[in-house]
Amino acid sequence: MASTRKPTFKTGTDPRRSAASPPKGDSADVISAQRSVDEQRSVDEQRSVERVTKNPEKSAAAAKPAGGASKAAGGAPKPGKALPGDNVIAFPEPKKRRQRRLTLWTISIVAVVVGALIAGAVFSPVLAVRTITVDGTTLLTPDAVQDALSGLEGKPLPQVSEQEVNELLEPLVQVRSATIEARPPSELLVHVDERVPVALLKQGDSYVMVDVDGVQLGATKDLTAVALPLIDAGVGATNTGLFKAIAAVLDTLPADILARMSTASAASADAVELKLVDGKTVVWGNAEDRELKSKALEALLRMPADPKVPVSVYDVSVPRHPFTK
């Protein structure tokens, strides 16, 4: 049987829409609220753009990610400083490392200062040579040495070398070698080591003094003016074996013993003989054991003379068993 019940809803209404949608009267309000939010967002974005434009550095710093994000982007923090958000502990520099750095700096500064002082001393005209003092000369006069070294005047003392001094003194054959001593600010002291004459060689009317190498050191016409023995071999004999053997013997004798010698001769290199000024003879033999023979002869000559046993020969050819006769 058909129902005679009438529907309770009004014609033209949708029950699904009435349950989920607001009334028509509220739709205008919702649209208005949505527009207000959009407008506020546009205003905020515009203010943000204005802040970036006015202060880009602060804006860039505010835009950086903190902590690990900054490190991931490649912006590593400076050593010894911790960025906000980083768990970094700044340790103090070790004491030994700090002391080592200070020591290196100190050494570097001292080296620079010393180098500057040395350079100033080497090239400074304040230390120029103005006075040359000479000692050790017997055959030469100090003036002769000073004249030979006159080219050094005005040269800074630190630049003067012994080699240069010896080269300047080469023309003076009497000089064997020389050493120098600087006495700031302007004095150069020269110690001269002269050659020692050991014998005389007859040359015409004169007598030439020669050293152990046969170098002529001077001449005299008075044989008694120089207390040296005469080698009767002529000046041209200085390169012979006999002259070298005789000169080597004379060079070994002390100065006081050498002054007592009158002549020196040798029949061969193994038979050197000396004559004293009092006419006595010294049998020397060869040039071996020269030092020992010299001491033996010195001991024999210092023995007191015995009138009952006159001595005419001192034989030191066997220095460990010298004898007189």
Restricting attention to segment 232-265, which residues are of a type in the set (A, V, I, L, M, F, W, C), at pLDDT below 90 and over 49 Å from the mean Cα position of the chain (by Cα)? 233
Residue match in segment 246-255 (condition: of a type in the set (Ser, Thr, Tyr), part of a helix (DSSP H, G or I) and surrounded by 13 or more Cβ atoms within 10 Å (Cβ to Cβ)): yes
Taking the stated definitions as given, is residue 264 touching a Pro at 6+ places or on another chain (Cβ under 8 Å), among the hydrophobic types (A, V, I, L, M, F, W, C) and in a strand (DSSP E or B)? yes
Scan segment 134-154 and tell me whether some residue there is part of a loop (DSSP other than H, G, I, E, B), over 15 Å from residue 192 (Cβ atoms) and open to solvent by 50 Å² or more (accessible area, probe 1.4 Å). yes
When segment 274-297 is examined, which residues are found to be in contact with a helix residue (DSSP H, G or I) (Cβ under 9 Å, 6 or more places away or on another chain), more than 15 Å from residue 323 (Cβ to Cβ) and open to solvent by less than 80 Å² (accessible area, probe 1.4 Å)? 274, 276, 286, 287, 294
Given the conditions (1) open to solvent by less than 20 Å² (accessible area, probe 1.4 Å); (2) farther than 30 Å from residue 256 by Cβ; (3) in contact with a Gly (Cβ under 8 Å, 6 or more places away or on another chain), report the number of the one that residue 168 does not fulfil. (1)
Just name the residue that is surrounded by the fewest Cβ atoms within 10 Å (Cβ to Cβ) out of those in segment 171-210 that are of a type in the set (Asp, Glu) and free of Cβ contacts under 8 Å to residues at least 24 places away in the same chain. 205
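The values are calculated or read from the model by the stated rules, or taken from the named source; none is laboratory data. Since we're looking at a predicted model, the values are computed, not measured. Neighbour counts run over all protein chains shown; Cβ positions are idealised from the backbone, glycine included. Heads up: the accessible areas ignore ligands, DNA and RNA and are worked out on the full protein's heavy atoms, side chains in. Shrake-Rupley method; radii C 1.70, N 1.55, O 1.52, S 1.80 Å.
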